[in-house]
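Below: one structure, written as structure tokens.
The values are calculated or read from the model by the stated rules, or taken from the named source; none is laboratory data. Everything quoted here is computed from the prediction, not taken from an experiment. Reconstructed Cβ throughout: ideal geometry from the backbone, glycine too, with neighbour counts over all protein chains shown. The accessibility values were calculated without ligands, DNA or RNA, using every heavy atom of the protein model including side chains. Shrake-Rupley method; radii C 1.70, N 1.55, O 1.52, S 1.80 Å.
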Amino acid sequence: PLNFVGRHREICDIHQALKGTLTGERAQAPFVVVSGNSGFGKTQITLEYAFRFGAAYPGGVFRLSGKEAEPAAQFSQLAVNAPLKPQILAILRQLCPETECSEKTSLLKIRAALAEQLAQREGDYLWIVDDLPEGINGPVIQQWLAPEKADQRPNRAHNILISESQRYDHRGDPIHLPLLSEVSGQMVLSGYRPPTRNDEKDSLNWLTGNPLPPYQIGRAHV
């Protein structure tokens, strides 16, 4: 992100939940869930985190779209998971171009092959699932998490789920994004430079939809 302000505490919360810090242990939850209303910057804060802390994940940073994810009422739906399968197949082909897996290979085998490749990589890896909709049930969520071998050293995979819904907060470690403060919002619009003149502040207030004091109503804005 070119302009990023006002979410530094949340970035530290994400890192502590995933990796732990000098002052606290990592969370025991299977994933971190970043939630908040549309337009609050959930994806941006996650990308910023990956940019700042990418060195902590030498095994790689992987990002998937969970926008088309659906709950599974039957085992047959769970076995297919059409929105997920082509994405993890693409990651597998990126890591292992000579893989024998194809579109006709079962999801189970593709996940197993990808888990094998991830296990061979050095160090931890970050797995991001963006735009997860409301109402995804537990077995489907498990499929969207990073594939891991049963005998793999634990805690190498670090998962972030991004969703407008707080439904998943009780399953993962929740990081809920509130509204940006007025000052932070203005600094986003002005390229990290706080307004220095009244006319600049008036213009930013107009752009962000903040009401103007009575004496300013009717003034021109650019």
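Electrostatic tally near L114: other residues with Cβ closer than 15 Å to its Cβ, Lys and Arg +1, Asp and Glu -1, net +3.
Take C12, C101 and sort them by solvent-accessible surface of the protein heavy atoms, 1.4 Å probe, largest at the top. Please list the in-between numbers first.
Working: C12 80, C101 20 Å².
Per-residue accessible area, sorted high to low, gives C12, C101.
Proximity of backbone amide H atoms, modeled 1.01 Å from N, is registered between D124 and G59 at under 5 Å, excluding neighbours fewer than 5 places apart on the same chain. Taking a sphere under 13 Å around the Cβ of L132 and counting the other residues whose Cβ falls inside, with K and R at +1 and D and E at -1, yields a net charge of -2.
When only the Cβ of Lys, Arg, Asp and Glu is charged (+1, +1, -1, -1), the dipole of segment 1-122 relative to its Cα centre reaches about 140 debye.
Couplings for segment 138-144, taken from phi via the Karplus curve 6.51 cos²θ - 1.76 cosθ + 1.60 with θ = phi - 60°, read x, x, 6, 4, 4, 5, 6 Hz in order; Gly and Pro are left as x. Per-residue Karplus couplings for segment 156-166, computed as 6.51 cos²θ - 1.76 cosθ + 1.60 with θ equal to phi - 60°, are listed in order as 7, 8, 10, 9, 10, 9, 10, 7, 6, 7, 8 Hz, Gly and Pro entered as x.
Of the accessible area of segment 119-159, computed with a 1.4 Å probe over protein heavy atoms only, carbon and sulfur atoms account for 44 percent.
Where in segment 11-46 does the label zone of L145 land, with the point 7 angstrom along Cα→C-beta and an amide N cut-off under 15 Å? Backbone N within reach: 18-19, 27-34. For segment 21-39 versus segment 121-150, the spacing of their alpha-carbon centroids is 14 Å.
Annotation: amide H of N159 within the under-5 Å range of V32, W127, sequence separation 5 or more or interchain, hydrogens built in the peptide plane.
Evaluating 6.51 cos²θ - 1.76 cosθ + 1.60 at θ = phi - 60° for every residue in segment 48-57, the Karplus couplings come out as 5, 4, 4, 5, 6, 10, x, 5, 7, 10 Hz, glycine and proline recorded as x.
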